[in-house]
Amino acid sequence: MFKLKAAAVVATLLVISIMLVGLVAMLGGSAAAVGCGERGSPGIEPGGEGKPQRPGEGMKQAQIANAGIIDGVAKDGGLSGRATLIALMTAMQESTLLNLDYGDRDSVGLFQQRPVAGWGTPEQIMQPKYAAKMFFFGGDDGDPPGLTDIHGWQTMKLGAAAQAVQRSAYPHLYDQHEQYAREIADLAGIDLNRRGIGGDTPGGPASGQPGGGPGDSGKNCNDSGGKPGNPGDAFHDGNAGWPAEVKNPRSTRDAIAWARQEARTGGKDWYRMCLAFTAVVYGWSHSGVGYAIDHYKEMPAGMKHDKDRNPPPGALMYWDTGQRAGHVAVYLGDGQIASNDILRPGYIDVVPATDIESKWGATYLGWAPPYFPKGG
C-alpha cells in the first residue's frame, strides 16, 4: 500500500512539472522558443533594443528613432504610409512615442500593450519591433486583433482606426496627435504617402505632398477610377491629379491647411457663402460665379465626376440642396470636408462629408478639381 501511495505522489509531481514547463513556454520563458518572427509571434530578436526610455533630454531623438522602427515594420509588411501614420499617432498618445517600462496596470512599451490581454510578455512588448508588429498584425488568429485585422481600417478615420486596435477608454484623444506625428515622420525621413496595403494617406496640414499636391501631376481627372455610390455611403480618398489648366494662387496642400485653420480659428464670415469660401481657400478673392450649383454645371465635362464618392483631397464636392444656390465644400481627405453653416451658421467646421446628405437632406452631385477659370 505504501509503494502504491508513493508511486501516486511521484506521478502527481511529474504531471505538475509537465504543466509548469508548458506554462513557462506559453509565457515566453527560456523553456521554449517564443516565436520566429511570423505574424502574431515575432519573438524577441537577440540583441534587440528593449531599453526603457524616459521623457527629458534627448526625447525627440528617441521619438524619431522609434518612428523609424515602426515604419520599418510597416514597410516590411507591405503596409502603406497611412498605416505608419496611424501607428505613430497611437504611440504618441499611449507613450509619447517612448519605450516606457511602466504604465496603467501592467501596460508597457510604445503602445502600452498589456501582457494580461495577450499582447506578449513584458520582455517582448518592450522590444519596439515586436510591439509594432503586434500593433499592425495582432496575435495568431486575430486575438488580440492588430490594425490589419480591423475591417475597413484603410478608409476609417485615423483616430478611429487607432481606437479599434487599442480599445481605449478615451477614444477621441488619438486624432489630436496627427500633426506632430507627421512632423516626427518628416524628421525621420518617413514617406507617409507611400503606397501599400491600406492605400495613400489623406491630405492634411502637413501631408508631405510635393509642390501643390495632386494638382501638380498633370494627369487627367478621369483617371481616378472611382465608382458612384449610394446616398449615405462613406466617401473615400481617390487618386486623381488635376488637369494642367487647373492653376490656383494657393497649392492643394496649402489650401487644405488654410481650410483647417479657418475651421479652428476663423470667424462668422461665411453665412451662405460656400462657393466664396472654396475660392478663398485656393487663394482667390472671388470665384466669378454666382451659385455653387452653376459652378458645377459650368465645369468642363472632363473634370466632372458625377456621383463619384472617391474624391481626392483638395477636390470640390457639390450638392443639390433643393434651393437655387446648391452647396459646395472642400474635401480634406479621410471622408471629411470643410463646410460653412453645417454646425454653426456662418462658421467653417470640419465634418463628415455625409453630413450634407444626412443633416440637410441634400443630393450629392459629384466632385471636380478646384478649377476657377473666372476667379480673381
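The values are calculated or read from the model by the stated rules, or taken from the named source; none is laboratory data. For clarity, every value in this text was computed on a predicted model and none was experimentally measured. Here the Cβ is made from the backbone with ideal geometry for all residues, glycine too, and neighbour counts use every protein chain on show. Just so you know, the surface numbers come from the protein's heavy atoms only, side chains and all, with ligands and any DNA or RNA stripped out. Shrake-Rupley method; radii C 1.70, N 1.55, O 1.52, S 1.80 Å.
Is it fair to say LYS307 is open to solvent by 40 Å² or more (accessible area, probe 1.4 Å) and at positive phi?
Numbers: open to solvent by 40 Å² or more (accessible area, probe 1.4 Å): yes; at positive phi: yes.
Judged against the criteria, LYS307 is a match.
Quick check on ALA279: is it in a strand (DSSP E or B), in contact (Cβ under 8 Å) with a residue 40 or more places away in the chain and under 21 Å from ARG260 (Cβ atoms)?
On the way: in a strand (DSSP E or B): no; in contact (Cβ under 8 Å) with a residue 40 or more places away in the chain: yes; under 21 Å from ARG260 (Cβ atoms): yes.
In short, no.
Among GLY109, GLY120, which is the only one that is surrounded by 24 or more Cβ atoms within 10 Å (Cβ to Cβ), under 22 Å from the mean Cα position of the chain (by Cα) and at positive phi? Break it down into steps so the answer makes sense when it comes.
Numbers: GLY120 fails: under 22 Å from the mean Cα position of the chain (by Cα).
Within the list GLY109, GLY120, the selection yields GLY109.
Exactly one of these conditions fails for ASP101: (1) within 23 Å of GLN179 (Cα to Cα); (2) in contact (Cβ under 8 Å) with a residue 12 or more places away in the chain; (3) surrounded by fewer than 23 Cβ atoms within 10 Å (Cβ to Cβ). Give me its number.
Of the numbered conditions (1) within 23 Å of GLN179 (Cα to Cα); (2) in contact (Cβ under 8 Å) with a residue 12 or more places away in the chain; (3) surrounded by fewer than 23 Cβ atoms within 10 Å (Cβ to Cβ), the odd one out for ASP101 is (1).
Can you report the number of residues in the stretch 259-280 which are of a type in the set (Asp, Glu) and either farther than 20 Å from ALA325 by Cβ or in contact with a strand residue (DSSP E or B) (Cβ under 8 Å, 6 or more places away or on another chain) (or both)?
Initial filter on the stretch 259-280 (of a type in the set (Asp, Glu)): 262, 269.
Filter again for either farther than 20 Å from ALA325 by Cβ or in contact with a strand residue (DSSP E or B) (Cβ under 8 Å, 6 or more places away or on another chain) (or both), leaving 262.
Final tally of qualifying residues: 1.
Can you find even one residue in the stretch 190-202 that is open to solvent by 10 Å² or more (accessible area, probe 1.4 Å), modelled with pLDDT under 95 and part of a helix (DSSP H, G or I)?
For the stretch 190-202, residues open to solvent by 10 Å² or more (accessible area, probe 1.4 Å), modelled with pLDDT under 95 and part of a helix (DSSP H, G or I): absent.
Considering PRO231, PRO243, PRO214, which residue is at pLDDT below 95, in a loop (DSSP other than H, G, I, E, B) and either open to solvent by 60 Å² or more (accessible area, probe 1.4 Å) or within 30 Å of GLY152 (Cβ to Cβ) (or both)?
It is PRO231.
Mind checking which pairs have a first residue in the stretch 148-169 that is under 15 Å from THR90 (Cα atoms) and a second that is among the charged types (D, E, K, R) and open to solvent by 60 Å² or more (accessible area, probe 1.4 Å), Cβ under 6 Å, 6 or more apart or different chains?
Close Cβ pairs (under 6 Å, with a partner that is among the charged types (D, E, K, R) and open to solvent by 60 Å² or more (accessible area, probe 1.4 Å)) amount to GLY159/ASP175.
What number of residues within the stretch 62-86 satisfy the criterion of being at pLDDT 95 or above and open to solvent by 70 Å² or more (accessible area, probe 1.4 Å)?
0
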